[in-house]
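Beneath this line is the structure, given in structure tokens, with notes to follow.
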């Protein structure tokens, strides 16, 4: 299986974290939290699109609400493929970082 | 559910529209929510600004994407299109050339039509200017339409009707002799007008003051070209010109020459009140009067105004005055005529194409426009059908390309766009070529059409936009079929080389061929009918000898010396005879006639011609009964009639018994002394009407002189010398009758010539198309032909196989076209009283012509296909 890119990984993790409430706005907030940077709203959709096409996530439609101008919410959920992809990334990360102490790359004080 | 006020709709819409993530990802809703959250947290203004920032940030990237991708694909499509055109050079040439020819024809006619419709529109107030027209009942029940109104009507309207803001009469004074020093000319276009003329019309003044130029009773305005004749480059303002060797007029202004698209074409203007036609009284409501133009208050209704004018005019015309004739019967007739009269207002801008005078409602300019537009449209239609047909045929060759494109993921939309785009591009090339041809052939077209059309007239925005729209439309129509049909086919089928053209497609192609050849056949038949009719008219026996006859206008007082001139002429050995006639072609006016033994209340209009002795002898008209005018009978001068054969018919008598009967017309009364054989005294195509000639040497307008054949130049010099001896102060003018005769056919000959050119082009284009189509068919059947040859088919057999199919369709086209052509052309012929019959062989000839073209184009391809080596054609798999 193809290894996820870094951004795909972060978005996927965010979706998992959000559980049943993952959609454009919340995903963006999670990603921003993780990266610590303001993240343009429009930028998440290409990743979502790619993840969906790759079969990592599936979508469902929620009820329309007034605060969204009468529009549906598209909710994202991890598929089994998505979960195993995350598991694989986690494993790869673990192996790649194995034995490297957290302070190794800190600047000397 | 309603959006809160102040939500940035535009930004959201743009984001949704351009992001492309729209509903599939719920982005629209996400943006809305994002905006609301921001608005709740930091205020609506901040939120809106943030939204705008997002849009601004997203747009450039998006646009770049669109441009890069569409640019790449455009370049690719363009390259494919050019390669395709280049690869099939012959086909491209036929396709583009054919359409270009059709477009060129259409462009020429467009130029023509725009010129015709531009008439009189250059006046600033054109939309509120009208010419008054009078519609009168005639004694024999028809109505006659004239554009001359009683002289006092214009001034009366201006005084009494608030809607009429201004008026001007305009009467063309025929042939005034103008003299300045030793320069003397007859000016044929002198208009007697009112001061209002310069106010309501926008003819620009080069010299002089518009407001006062016509104020003096002796003022005179010349056009630039007229002024140049008398004054050269000197300033004519304030100089005097002598008119008719009698009155001095002072030049008070110089006008620019009226543009060619003005229906008022004058050389000089003089004031109406002081210079009018001889023998006219401009205060009389009974005189025939002059053209009268009015300017109405803007937005007033012309029909209402016309009704008011009718009432006023009738009231004034019926007022008793000394102008009324004393004969009570005549008075009753005139009063009845006035009671039945009505005045209408013809908008100035419609005069050129809709104006008419006389009893029939024909307008030659509009007829020409309709005829030529029809012809040009047919040629354009043939060219378009051709274009479509070839584009459809060719696209089948592209089936493989389309299959491949679909396989690698082309969307149907882009395939359709590609084919439409290619067709539009090809049509565009044809358009450019057509424009080139237009520039190249404009001078020849001007000769053919007798106009001075300039390219500048059409080089404007509406033309460019219209041209682009037409090209686009033709391209789309030509491309739509292949685009839709081919792009919908399944790639697997196409790539396997399955049947690319179903029966539907072949049927379409054949229908198009039938229509093309049918239209060509109609044009060919029309061409033949027009040519034969002109030929027929030209060779009609006129009833008099038209050769070696000249006529000399007796203008500006020279009529009084007609006797002396005639006596001097008769002393010349090379002059065979001299007589006098009313104006050209003997047309006088028609009057109600009465005669001895008249039964019932039949009213009959009889043409009325004032002539001289020797009329019959000089013109060489035959006599059916009785005798010619003779000086031996004292009463022959003014109290005797020579009539044509139509008059006895009218009286219900034969020619011999009509002689001696008393006859009365237009106040002249006397016996009929002789009956002339019918001769064409009006247009040759018109029916010969009854005509009565009597002698009145005071009303001579033309001297007609018969010269000795074979010595024309010398004889002409003799006539000129005679004129100088009698009229030393008047220029000598003459016209040959046969030249005038030829001029009668000029309009019809023009139609004939244009028909010839256009019919030729139509057949050529249709032939070109068939040539391309046949090439295509032969190519598609290469393998079949190879197999046939291997199995022993002869070349002749193959040629027959390939040609017969097309020949069948061309024949069918002709059969369908014949009734159409027959109906159209009998309609055209109906306006001639004497017509050449529409011969059956014209149809046969048109059919044969189409067939020859079809056989030549198809046969060439068939022959080539049949000569090909079968080994090569079968091996190409």
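When you scan segment A:84-102, do you find a residue that is closer than 15 Å to residue B:30 by Cα, away from chain B (no Cβ under 11 Å) and either touching a helix residue (DSSP H, G or I) at 6+ places or on another chain (Cβ under 8 Å) or not in a helix (DSSP H, G or I) (or both), even just one? No, segment A:84-102 contains no residue that is closer than 15 Å to residue B:30 by Cα, away from chain B (no Cβ under 11 Å) and either touching a helix residue (DSSP H, G or I) at 6+ places or on another chain (Cβ under 8 Å) or not in a helix (DSSP H, G or I) (or both). Based on what the data block shows, is residue A:22 within 14 Å of chain B (Cβ to nearest Cβ), free of Cβ contacts under 8 Å to residues at least 60 places away in the same chain and under 10 Å from the mean Cα position of the chain (by Cα)? Spelling it out, residue A:22 is indeed within 14 Å of chain B (Cβ to nearest Cβ), free of Cβ contacts under 8 Å to residues at least 60 places away in the same chain and under 10 Å from the mean Cα position of the chain (by Cα). More than 14 Å from every other protein chain (Cβ to nearest Cβ), under 21 Å from the mean Cα position of the chain (by Cα) and at pLDDT 80 or above: is that true of residue A:75 in this structure? No; evaluated as a whole, the condition is false for this residue.
Residue-by-condition table, conditions (1) touching a strand residue (DSSP E or B) at 6+ places or on another chain (Cβ under 9 Å); (2) under 19 Å from residue B:731 (Cβ atoms); (3) part of a strand (DSSP E or B):
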site: B:216; (1), (2), (3): yes, no, no
site: B:221; (1), (2), (3): yes, no, yes
site: B:225; (1), (2), (3): no, yes, no
site: B:229; (1), (2), (3): yes, yes, no
site: B:235; (1), (2), (3): yes, no, no
site: B:242; (1), (2), (3): yes, yes, yes
site: B:245; (1), (2), (3): yes, yes, no
site: B:248; (1), (2), (3): yes, no, yes
site: B:253; (1), (2), (3): yes, no, yes
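When B:437, B:415 are checked against the criterion of being over 24 Å from residue B:72 (Cβ atoms) and either under 36 Å from the mean Cα position of the chain (by Cα) or in a helix (DSSP H, G or I) (or both), B:437 stands alone in meeting it. Residues in segment B:489-527 that are assigned to a loop (DSSP other than H, G, I, E, B) and at pLDDT 65 or above were compared, and the one that is surrounded by the most Cβ atoms within 10 Å (Cβ to Cβ) is B:489.
Listed by position, the helices (runs of 4 or more DSSP H) inside segment B:765-877 whose residues that are crowded, with 20+ Cβ neighbours inside 10 Å number at least 3 are B:782-790, B:795-829, B:840-867. Among the residues here, residue B:34 qualifies as at pLDDT 75 or above and within 11 Å of chain A (Cβ to nearest Cβ). None of B:61, B:20 is within 30 Å of residue B:423 (Cβ to Cβ), at pLDDT below 75 and either surrounded by fewer than 18 Cβ atoms within 10 Å (Cβ to Cβ) or at the interface with chain A (Cβ under 10 Å from one of its Cβ atoms) (or both) except B:20. I'm trying to understand the selection: among the residues of segment B:533-547, which are buried (at least 18 other Cβ atoms within 10 Å of the Cβ) and at pLDDT 85 or above? B:533, the sole residue that qualifies.
Looking across A:31, A:13, one residue alone is under 22 Å from residue B:50 (Cβ atoms) and either touching a residue at least 12 places away in the same chain (Cβ under 8 Å) or assigned to a helix (DSSP H, G or I) (or both). It is A:31.
Of the candidates B:55, B:66, the single residue that is in contact (Cβ under 8 Å) with a residue 24 or more places away in the chain, more than 7 Å from chain A (Cβ to nearest Cβ) and within 60 Å of the chain's Cα centre (by Cα) is B:55.
When residue B:718 is tested against (1) in contact with a strand residue (DSSP E or B) (Cβ under 8 Å, 6 or more places away or on another chain); (2) more than 19 Å from residue B:579 (Cβ to Cβ); (3) in a helix (DSSP H, G or I), just one condition goes unmet, and that condition is (2). Against the numbered list (1) modelled with pLDDT of 75 or more; (2) within 12 Å of chain A (Cβ to nearest Cβ); (3) at positive phi, residue B:43 comes up short only at (2). Taking into account only those residues within segment A:32-46 that are buried (at least 18 other Cβ atoms within 10 Å of the Cβ) and closer than 21 Å to residue A:81 by Cα, which is nearest to the other protein chains (Cβ to nearest Cβ)? Checking each candidate, the answer is A:45. The set of residues in segment B:257-266 being touching a helix residue (DSSP H, G or I) at 6+ places or on another chain (Cβ under 6 Å) and either at pLDDT 90 or above or surrounded by 20 or more Cβ atoms within 10 Å (Cβ to Cβ) (or both) consists of B:257 alone. The number of residues in segment B:69-126 being closer than 24 Å to residue B:418 by Cα and surrounded by fewer than 16 Cβ atoms within 10 Å (Cβ to Cβ) comes to 18. Of the candidates B:656, B:625, the single residue that is over 19 Å from residue B:577 (Cα atoms), part of a strand (DSSP E or B) and modelled with pLDDT of 85 or more is B:625. Just to verify a result, which residue in segment B:138-177, among those that are in a strand (DSSP E or B) and touching a helix residue (DSSP H, G or I) at 6+ places or on another chain (Cβ under 6 Å), is nearest to residue B:559 (Cα to Cα)? Checking each candidate, the answer is B:169. In this structure, residue A:65 does not qualify as surrounded by 14 or more Cβ atoms within 10 Å (Cβ to Cβ), free of Cβ contacts under 8 Å to residues at least 60 places away in the same chain, in contact with a strand residue (DSSP E or B) (Cβ under 9 Å, 6 or more places away or on another chain) and away from chain B (no Cβ under 14 Å). Comparison of B:633, B:613 shows that the only residue that is exposed (fewer than 15 other Cβ atoms within 10 Å of the Cβ) and assigned to a loop (DSSP other than H, G, I, E, B) is B:633. Looking only at residues of segment A:47-61 that are touching a strand residue (DSSP E or B) at 6+ places or on another chain (Cβ under 8 Å) and within 10 Å of chain B (Cβ to nearest Cβ), we find that the one that is surrounded by the fewest Cβ atoms within 10 Å (Cβ to Cβ) is A:61.
The values are calculated or read from the model by the stated rules, or taken from the named source; none is laboratory data. The model shown is predicted, which means the values in this text are computed figures rather than measured ones. Cβ sites come from the backbone with ideal geometry, for glycine too, and all protein chains shown count toward neighbours.
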